[in-house]
Amino acid sequence: MKILVAVKRVVDYNVKIRVKPDGTGVDLANVKMSMNPFDEIAVEEAIRMKEKGVATEIVAVSIGPQQAQETLRTALAMGADRGILIKTDGVTEPLAVAKLLKGVVEAEKPDLVILGKQAIDDDCNQTGQMLAALLGWSQGTFANKIELADGKATVTREVDGGLQTLDLTLPAIVTTDLRLNEPRYASLPNIMKAKKKPLEEKTPADFGVDVSPRLTVVKTVEPAKRGAGVKVASVDELIAKLKNEAGVL
Ligand code: AMP
């Protein structure tokens, strides 16, 4: 069984985001970039499937600038077998990413594609669903458990108010939720070994996909700063404040 994993290079989750002064987006100059955390979970899950002997090959794909190569190398150091970088400049929207991934799927013919549930930079939560629709494949989103057996994937999903379990016929698309697993750190010997693993470079033209943006960002603003708290002397004062100032009672 072959597994394809989509990994996006995003601003590291520890970085305090700065908005560009002209409000056109987030300032990425000299900012630490890392693999999207949900994609680390996707890579980890694929590796565990390989370790269990269920999967035989893991191919990691990234769409982005040349530096997204580093994200692929991280996936290779964790345990993926091969990488594919599709080089794009600027923002590549989920629909374009999904079309490119469809092209990779058609060329690679994986049995399972694992993506993150969302990229922490744009928070779109769209790519996996769009890819499933473009391919006409089954999908299990927000997975916190995946079991593979007899040509199907049993996926437990985190939904509002509980868990839902689905049986998906393979090939299928799965997107990861936070509690699926705890990704491993790549060891130094594996980081060294990953430098020698195959990494192919492609362009959107190789897949005949137009990646020009279809959305216009109107403005980007920082969240409002939280004001300082106040101490209240009594429950009555608290209730009065909640009623009259916060307007929540
Ligand atoms: P999004 O729909 O943008 O929130 O992204 C959901 C998931 O799609 C991510 O967690 C990745 O697995 C995948 N994805 C999105 N954009 C890219 C990209 N540029 N390269 C590789 N994978 C991506």
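The values are calculated or read from the model by the stated rules, or taken from the named source; none is laboratory data. Keep in mind that this is a model prediction, so the values were computed, not measured. Using ideal geometry, Cβ is built from the backbone for each residue, glycine included, and neighbour counts are taken over all protein chains shown. Surface accessibility is based on the protein's heavy atoms, side chains included, excluding ligands, DNA and RNA. Shrake-Rupley method; radii C 1.70, N 1.55, O 1.52, S 1.80 Å.
Quick look at the numbers
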item: Value of relative contact order over the range 1-147, rounded to a whole percent, pairs C-alpha under 8 Å and six or more apart; result: 29
item: Relative contact order %, the chain, counting alpha carbon pairs below 8 Å whose residues are six or more apart; result: 23
item: On Cα atoms only, tilt of 37-51 relative to the major axis of the chain in degrees; result: 40
item: Environment charge of Val54, counting only residues whose C-beta is closer than 15 Å and scoring Lys/Arg +1, Asp/Glu -1; result: -2
item: GNM top mover of Asp160, Asp12, Asp206 - the chain, alpha-carbon springs below 10 Å; result: Asp160
item: Convex hull per residue volume in Å³, alpha carbons only, for the range 1-69; result: 95
item: Amide N proximity, the range 205-225 versus Leu134 label position 7 Å along Cα-to-Cβ, cut-off under 18 Å; result: 205-215
item: Accessible area of the chain belonging to carbon and sulfur atoms, whole % at 1.4 Å probe; result: 53
item: Accessible area in square angstrom per residue, the chain, 1.4 angstrom probe; result: 57
item: FRET efficiency estimate (nearest 0.05) - Cβ-Cβ, Lys195 to Tyr13, R0 30 angstrom; result: 0.75
item: With Cα atoms, 0 to 90° folded angle of helix 94-108 axis to the chain main axis; result: 20
item: Fluctuation leader among Phe207, Phe38, Phe142 - the chain, Gaussian network, Cα springs under 10 angstrom; result: Phe207
item: Exposure ranking of Arg157, Arg214, Arg48, Arg18 by accessible area [1.4 Å probe, largest first]; result: Arg214, Arg18, Arg48, Arg157
item: Semi-axis lengths (Å, descending) of the ellipsoid that matches the C-alpha gyration tensor of the chain; result: 36, 24, 19
item: Helix-only mean residue ellipticity at 222 nm for the chain, each DSSP H run of n ≥ 4 adding -39500 (n - 2.57), per residue, nearest 500; result: -7500 deg cm²/dmol
item: Extension gain from Lys87 to Thr203, taking 0.36 nm per residue of separation minus the Cα-Cα distance; result: 41.2 nm
item: Choice from Asn125, Asn36, Asn14 showing the highest fluctuation, given a GNM over the chain with Cα pairs closer than 10 Å; result: Asn14
item: With Cα atoms, 0 to 90° folded angle of helix 68-78 axis to the chain main axis; result: 80
item: Gyration tensor over alpha-carbon atoms, the range 27-108, equivalent ellipsoid semi-axes in Å; result: 23, 16, 10
